[in-house]
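Below: one structure, written as structure tokens.
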Amino acid sequence: MQQQLDPMSPPPSISHPGVMATDITKKFTSAVKTLAPGELVKDEHFTLFESVAALEVMDPKMDSGVLAEGESLDEEYDVSRDLLPEEILGIIDQLLCLEMAWHLGYPLSQTLFTSVYIESLLKPTPTNIDEANFVRDTQSQAEQPKFMFILRAYCVALLKSCCIVNEMVKDELYYEEEDFVTNTYDRQLLIDIPVGPINNLLQKARSDLRAISNDAIKDIATALDIRLELRIAFLRAIDLAGLRTANPDSLKMPWIQMGGLIEHIKKQHSLGKPVPEAFSTKLQRRLASTMPPRPMVQPSFEECYNLFERLFRDGVDIMDILKYSEPQSLLNFVSLFQSRKPQPLVYIRALLQSLLFKEMVVLGNYSIRQIIDHDLSIVVLPCAPQIDPSYDHIEVLADPRHQTAAQMEIFRQRVAECYLDIFRIFCQNRCRVRRTLCHNIQEWDMLQADAEEIDQLLQVVLEEKPFTTDRSELGFSLPLSSWAYIYKLRQMEWVVQLGFELEVYQTDELAGMYWYLNYLAKTRAQHGDRIKSFTTRSLNEARYGLISKSGGATEQQLPQYTAAKEREYMQSLAYLRVTMLDAACTWEFADGLCCLYTALQRLDLIQTPQRPYGTDTLRYDLRMRPFRHIALPALPTFSEFTRATLQPETTIYELLKYAESAIGGAKKGYEALSKMSDTQAFCVGAHDSWVVNTKNCLKAAIAAGIAVSTLQRAFENAGGKEEGKMELGLQVEMPKPGKAYHDWWIVPKLTPKA
């Protein structure tokens, strides 16, 4: 707390040769009295910058140059001082904690750059491995303490790994200051020194350590050796990550090795002796920064260990993305991996982007066209001429095959960026995922309109006939716009579901938002059924041949149906089956929760808070703003939304009965989904995560069923009156953030009143 000054105390005595102090208090006070209220006096040469600087001067929170009594301007720690082996171990462990703080998103100025040893390595900037030393003159290097080579090798490797991580993050999509701070404050992080000489330095340090291990306690020598081995493994893991065409299991090895090493490091931590004077925030004064001084950020070693363990585990798991099966599994892998709690660190998310898209080659082996065509063949166009690669070789302009290939190329160019953006979006933090999806669905809405134009051109070129069933006429297949539509619907559902995860909606809004989720999921299921009808027609035509007219006569063409075509059709039908089942589970569960929350509100178990500055209409406009300009599905009006949510014509008894039935249907659906294999569920490489996610949804559905049953019994025991206030003897407990069975399904718990 700032010391309170006594207004009657005498002014401080200022005495210094050449300084004559004059008390101007009375003159200043009398001059101020001559000013009218609101009048401002400003010197033309006293700028805003100078006025702000004047406020900062001598303020310890703002002025990096302010010194305490007896304090020196620069750090006086001697990097050539002799250190005990346990002190080197303590410094290395503290550097580990500071490195993890940087990975968490804190700037280098508050983490690694507070180390005197790191500063001495980087200034002046070394140009080769020999210059990367704490002291630069040859004589001083020869006189360095015995164990200093260990700390030097560790720090050099640490800086190089930070350099590579920093450059990788900058190359990918991330959010400065929000996710990660890439500013190096005019420090080069050994960017000009290759990895090879640094690895040699580490290996030499390990061999030299073994040679003099008799001069140190055996346990401490082993601990130092393991930390050098950790730096070797980290550099190898980073280096191998660029080899996307290699065997994924071989790329996992350094990450697995680091996971084992960090276990040993945790056990050995107590052997180290901290050297707090080797770290100082004074070093911030030397950095090229306009920021005021900030305190050092250092997690506890226990927290650091947990974070490193998670980093290495995620590094192992992420390599499975290279085991490509098909695009739907790829999308499921990314979305499930990024939904982990806690979320993977920024470096892992940047590495995921690099593995996916580096140099516009997907997973190091596939072109964007291959991925899009594979996706189209699964979702809407199995064995279709639109994605037949042989059409690309037809050069006759009037040939329908050439026209088909040309139109499909236009479509691919239009869709490529939007399609890849879905994967990029899921590599961001959860708040950014939702926010960016809100913008991305606008792009997909326009893409759907463009794709429909191409569909109409292709149906003429391919002489497509409309599809008529016994029930109704479905018209033309419009496969490209159907594909865009189903992706748009999925993204719209994700926006709403992430709103539940991120606590965007208040308790009294849950009924309405679950109704809208039900509306979107039902639309997706209906659209999937439409696609399935056209896929089944195409399958029957491929199996049994086509009826065509040749010279006025009708003839049956012999079917050219192969085992490869059979597999492609079966895969497409399997995808439609699982996506329709998933949509049905979502719609049933959302519908059941909507009815449950509506009943709770009618029974006054959920109270609507007072909102003097808002209305239901304004809040509806706010929640539906991301979907306002979407052409299809049409956004319900406020009156339609209100009526569908409140269901005024439905009794509480009927609401609860319907909720029971809907949630029961969702439970059966989730049970069926959880029993699917990785190929059936289209989650190859992420099947374990898929099963866990599905079972969490099942647990949430079971909990919702219990809540409905509890409310039904209490309602019936209280007389089951539809009107008038009833005392049910229940209270509603909402799950705390992150404590629900599934983040997207907020299930209330009904307990007896105390």
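Which order do Thr29, Thr710, Thr114 fall in if you start with the one that has the fewest other Cβ atoms within 10 Å?
Working: Thr29 9, Thr710 17, Thr114 25.
Arranged by neighbour count, lowest to highest, Thr29, Thr710, Thr114 become Thr29, Thr710, Thr114.
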How far, in nm, would the chain grow between Lys739 and Asp43 when pulled straight, counting 0.36 nm per residue and subtracting the alpha carbon separation?
244.6 nm
Please work out the C-alpha center-to-center distance from the range 210-266 to the range 434-469 and express it in whole Å.
51 Å
The chain: relative contact order as a whole-number percent, Cα under 8 Å and 6+ apart:
11 percent
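Assuming R0 = 22 Å, can you tell me the calculated FRET efficiency for the pair Arg611 and Cys431, based on Cβ-Cβ distance, to the nearest 0.05?
On the way: r = 24 Å, r/R0 = 1.08.
My answer for the efficiency is 0.40.
Please find the FRET efficiency linking Lys565 to Arg340, where r is the Cβ-Cβ separation and R0 is fixed at 45 Å, and quote it to the nearest 0.05. Before the final figure, lay out each step's value.
Details: r = 38 Å, r/R0 = 0.85.
That pair, Lys565 with Arg340, gives E of 0.70.
Give me the number: length gained by fully extending Glu727 to Glu654, i.e. 0.36 nm times residue separation minus the C-alpha to C-alpha distance, one decimal in nm. Can you show the working numbers first?
On the way: separation 73, 0.36 × 73 = 26.28 nm, distance 1.95 nm.
Here the segment from Glu727 to Glu654 would lengthen by 24.3 nm.
Give the shape of the range 583-754 as rounded, prolate or oblate, defined through the alpha-carbon gyration tensor: a ≥ b ≥ c are the square roots of its eigenvalues, a/c under 1.5 means rounded, and otherwise the shape is prolate if a/b is larger than b/c and oblate if not.
Details: a/c = 1.90, a/b = 1.25, b/c = 1.52.
In terms of gyration-tensor shape, oblate.
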Which whole-angstrom value gives the distance between the alpha carbon centres of the range 302-378 and the range 681-754?
33 Å
In nm, the gap between the two label points placed 7 Å beyond Cα toward Cβ at Phe476 and Asp192 is 6.3 nm
I need the calculated FRET efficiency for the pair Lys695 and Glu277, taking r as the beta carbon distance and R₀ as 45 Å, to the nearest 0.05.
0.30
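If each residue of separation counts as 0.36 nm, what is the full-extension length gain between Val460 and Lys668 once their alpha-carbon separation is subtracted? Present the calculation step by step, with values, prior to reporting the outcome.
Working: separation 208, 0.36 × 208 = 74.88 nm, distance 4.37 nm.
Extra length from Val460 to Lys668 when fully extended: 70.5 nm.
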Give the label of the value calculated from the structure for Cα extents along the principal axes in Å, choosing from [x] 149, 87, 52; [y] 155, 87, 48; [z] 113, 69, 60.
[z]
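How much net charge surrounds Pro389 when only other residues with a Cβ under 10 Å from its Cβ are counted (Lys, Arg +1; Asp, Glu -1)?
Spelling it out: positives minus negatives among the neighbours equals -2.
Every read-out reported here was derived from the displayed coordinates using simple, explicitly stated rules and does not represent laboratory data. None of these values were measured; they are calculated from a predicted model. Cβ atoms come from the backbone with ideal geometry, glycine included; neighbour counts cover every protein chain shown.
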